[in-house]
Amino acid sequence: PGDAAALRAGATLAERLGIRLVASNNVHYAERAGHTLQDVLVCIRNLTTLDEAGALLRPNSECYLKSAADLHPLFAAYPQALTNSAQIAALCAFELNFGLQDLPDFVAPAGWSAHDYLTALGQQWLDAGRPEAYHTQLAHELAVIERAGLSNYFLIVWDIIRFAREQGIRCQGRGSAANALIAYALGISPIDPLEHQLVFERFLSDERQITPDIDIDFDAARREEVIQYLFARYGHDHAAMACTFVTFRARSALRDVGRALGLPADMLAEVADLPIDASFSAAQRFMTRPTLDLNGRGGHATWALLTSLCSAIDGFPRHLSIHNGGMVITGSPIAQRLPVEPAAMPERQVVQWDKEALEDAGLIKIDLLGLRMLSAISDAVDMSGADLSALAFDDAQVYDLISAADTIGVFQVESRAQQQVLPRLQPRTFNDLIVSISLIRPGPVQGNMVHPYLRRRLGEEAVSYPHPLLEPALAETLGVILFQEQVIKTARDLAGFSAGEGELLRRALSAKHADPLLERLQTAFISGAADQGVSQAAAAAIFDTLRAFGGYSFPKSHAAAFAVLVYQSAWLKQHAPAAFYCALLNHQPMGFWSPAVIS
């Protein structure tokens with residue numbers, strides 16, 4: 001009611017002011033059928049029910065995205081208004097013209113470019129008598145970094161590490177950055193990638209010049225000092241925390257949607273305690289069983305609507321939260337690049353894009369993560385006076401302790417699952433620790449990698465390889481594909497892929513919607529293998545093996561960085577137990593065991 005008069009008044013005003021008319025619908029959902037879900041989401045947002053929402057809800061189901069054919073009859077008297085709308089829509093083409101270069105410029109010495117300064121830092125490290133292989137690898141990495149325009153990025157990360165160490169804040173990088181020799185040379189990563197046969201292209205390559213991933217763990221008790229350093233160095237106008245979206249899952253959807261529908265809280269609590277899967281089958285069976293007394297509780301139709309709406313919003317963002325440690329730093333004011341809002345913490349702001357959106361846009365997020373084990377190690381070192389920098393990772397007593405599964409409180413290897421595996425694995429080297437960390441993970445367990453590896457290690461099963469060409473890539477894990485880097489090596493050694501192409505394959509194997517790309521890579525894999533003298537049947541079988549196991553494999557670089565902390569914490573437990581246990585108790589909650597067990 002009143003629409004016609006309002007349209008006439010608007011047209012008259014536009015004519016008098018010389019402003020063109022624009023017509024649109026008031027869109028709140030894509031299709032008409034979405035109006036019920038939209039009403040429910042409004043109720044969830046306002047903590048009310050459909051019966052009590054009143055004017056908060058739209059009066060009808062017309063607020064959907066209408067076609068031109070639907071709109072023309074509604075605006076028959078103002079056809080130019082629809083033409084103007086189409087013109088505006090045509091102008092709304094937007095391309096992100098920033099990205100990897102949208103970082104503050106690291107202030108290098110006068111007359112030095114960022115890349116020249118990064119090269120000089122690397123050369124300074126090489127001059128300490130490194131073998132020729134290190135010179136060759138670092139030159140390769142620096143060339144790729146220069147082509148990707150990431151020299152400035154590495155200097156910013158190096159500066160963060162430099163500040164932390166100057167302040168005595170224990171820290172180390174992990175993740176795929178440990179594949180990079182430059183990260184080791186700059187002190188970002190504790191892992192020598194050549195010694196551990198890591199693959200730089202798992203981190204960065206010419207074929208995949210996307211936002212690199214450098215995660216840095218800091219003493220959790222002092223991480224805030226590092227964050228405040230970045231705010232002070234670059235200013236609040238240029239730095240913000242990344243966000244993460246907390247999404248609806250089965251139980252949260254049941255509670256929130258059920259509350260909006262006015263269903264009793266006790267009934268919803270009972271349903272939410274059921275074993276619930278994505279299809280809500282258990283909830284459906286519970287809510288529609290004939291013996292259920294639904295008198296005054298909405299009837300079977302309401303319960304069916306509940307599960308239908310829960311399925312519809314599965315994975316929807318529920319609320320925005322601050323990322324655990326991700327920071328975005330930009331050269332231009334951050335509000336000119338990203339939507340920003342005040343954070344709950346004072347003097348903080350958070351961008352409204354999560355890590356996936358930032359990566360899609362090519363914007364770099366630097367992860368500054370708090371790790372309680374680093375706090376405990378720092379405390380234990382302060383109390384005991386131990387010097388962990390001198391450790392050679394070859395102490396037999398430390399490996400005896402780990403092999404005996406006396407690992408309560410030891411980082412990453414204290415769980416019951418690890419304690420069952422360690423006596424069979426009998427780790428005696430640093431590489432054994434890397435394997436142990438990688439084995440007891442959801443992926444390797446689900447991919448049935450654990451027992452074949454252990455049987456081969458114990459001599460209960462012969463070591464074999466899918467093809468003789470793969471022995472160099474798989475020898476360290478006895479023919480079992482355990483590490484992500486081995487997927488890259490397999491593609492390289494068997495099919496002649498470059499390391500960068502191998503990384504594209506590895507990512508496609510673990511991606512959810514990469515079937516077209518995976519088909520193209522499979523064709524190239526079989527063709528490349530044929531050039532190496534491998535039969536089509538053998539190449540296809542090996543590719544199927546990669547398809548089955550590639551998505552479950554674990555990054556060796558990540559495990560290697562964590563293995564440093566495994567050894568350090570085990571060393572402290574063996575040689576400074578009082579300080580070790582005291583430090584663990586100082587930083588609870590942490591790890592697998594309760595303070596009562598630790599003490």
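The values are calculated or read from the model by the stated rules, or taken from the named source; none is laboratory data. Because the structure is predicted, anything quoted here is derived from the model rather than measured. In this analysis, Cβ positions are derived from the backbone assuming ideal geometry, glycine residues included, and neighbour counts consider all displayed protein chains. To get the accessible areas, we keep the full protein, side chains included, count just its heavy atoms, and leave off ligands, DNA and RNA. Shrake-Rupley method; radii C 1.70, N 1.55, O 1.52, S 1.80 Å.
Of all DSSP beta bridges confined to the chain, the antiparallel ones make up roughly 70%.
What angle do you read, to the nearest 10 degrees and between 0 and 90, between the alpha-carbon axis of helix 132-148 and the longest principal axis of the chain? It works out to around 10 degrees. On the beta carbon distance between Ala4 and Ser24, with R0 = 25 Å, the FRET formula returns roughly 0.90. The convex hull defined by the C-alpha atoms of segment 298-392 has an orientation-averaged projected area of 13.3 nm².
Expressed as a fraction of 2.2 N^0.38 Å, the C-alpha radius of gyration for segment 459-545 is 1.05. Helical runs (DSSP H, four residues minimum) scored at -39500 (n - 2.57) apiece and divided by the length of the chain put the mean residue ellipticity at 222 nm at -15500 deg cm²/dmol. Count Lys and Arg as plus one, Asp and Glu as minus one, and take only other residues whose Cβ is under 12 Å from that of Gly168; the net charge is then -1.
Full extension of the chain between Ala475 and Asn586 yields a length gain of 35.7 nm, computed as 0.36 nm times the residue separation minus the alpha carbon distance. Could you tell me which of Gln167, Leu254, Gly326 has its Cα farthest along the dipole of the chain towards the positive end, charges placed at Cβ (Lys, Arg +1; Asp, Glu -1), taken about the Cα centre? Farthest along the dipole direction, towards plus: Leu254. Think of the chain as a dipole: +1 on every Lys or Arg Cβ, -1 on every Asp or Glu Cβ, centred on the Cα centre; then among Val42, Ser189, Ala148, Val42 lies furthest on the positive end.
Rounded to the nearest 20, the Cβ-based charge dipole of segment 438-563 about its Cα centre (Lys and Arg +1, Asp and Glu -1) stands at 360 debye. All Cα-Cα separations within segment 54-147 were binned at 10 Å from zero, giving a P(r) of 11, 21, 16, 10, 9, 14, 14, 5, 0, each value a whole percent of the pairs. Only the Cβ atoms of Lys and Arg (+1) and of Asp and Glu (-1) were treated as charged; on that basis the dipole of the chain about its Cα centre amounts to roughly 1280 debye. In this structure the chain gives 47 Å² per residue of accessible area when probed at 1.4 Å with all protein chains present.
Which log10 I(q)/I(0) values, to two decimals, does segment 108-207 give at q = 0.12, 0.16, 0.18 Å⁻¹ under the Debye formula with one point per Cα? So the normalised log intensities are -0.37, -0.67, -0.85. Exposure check, 1.4 Å probe, all protein chains in place: Met383 carries approximately 90 Å² of accessible surface. With Cα atoms as the point set, segment 480-599 shows a radius of gyration and Dmax of 21.3, 62 Å. Computed over neighbours whose Cβ is under 13 Å from that of Tyr229, the net charge equals +1, Lys and Arg +1, Asp and Glu -1.
Spherically averaged projected area of the convex hull of Cα atoms, segment 370-485: 8.9 nm². Across every pair of non-identical alpha carbons in segment 139-180, the mean reciprocal distance, once inverted, gives a Kirkwood radius of 11.6 Å.
Over 31 Å apart at the Cα level, from the set Lys365/Lys573; Lys66/Lys355; Lys365/Lys512, are Lys365/Lys573; Lys66/Lys355.
Each of Glu347 and Ala14 was given a label point 7 Å from its Cα along the Cα-to-Cβ line. The distance between the two points is 5.0 nm.
Accessible surface of segment 499-599, 1.4 Å probe: 55 percent of it comes from carbon and sulfur atoms. Charges on Cβ only, +1 for Lys and Arg, -1 for Asp and Glu, centred on the Cα centroid of segment 482-546; of His513, Ala541, Ala530, which one is farthest towards the dipole's positive end? Value computed over the given set: His513. Per the Debye formula on identical point scatterers at the alpha carbon atoms of segment 339-413, with no solvent, log10 I(q)/I(0) at q = 0.13, 0.25, 0.26 Å⁻¹ is -0.71, -1.32, -1.36.
Charge dipole (Cα centre; +1 on Lys/Arg Cβ, -1 on Asp/Glu Cβ; no other charges) of segment 57-120 amounts to roughly 380 debye. Net charge near Ala312: determine it from the other residues with C-beta under 15 Å of the C-beta of Ala312, scoring Lys and Arg +1 and Asp and Glu -1. For residues surrounding Ala312, the net value is -1. Against the chain, whose longest principal axis is taken from its Cα atoms, helix 484-495 shows a tilt of about 80°. The mean sequence separation of alpha-carbon pairs under 8 Å and at least six residues apart, normalised by the residue count of the chain, gives a relative contact order of 14 percent.
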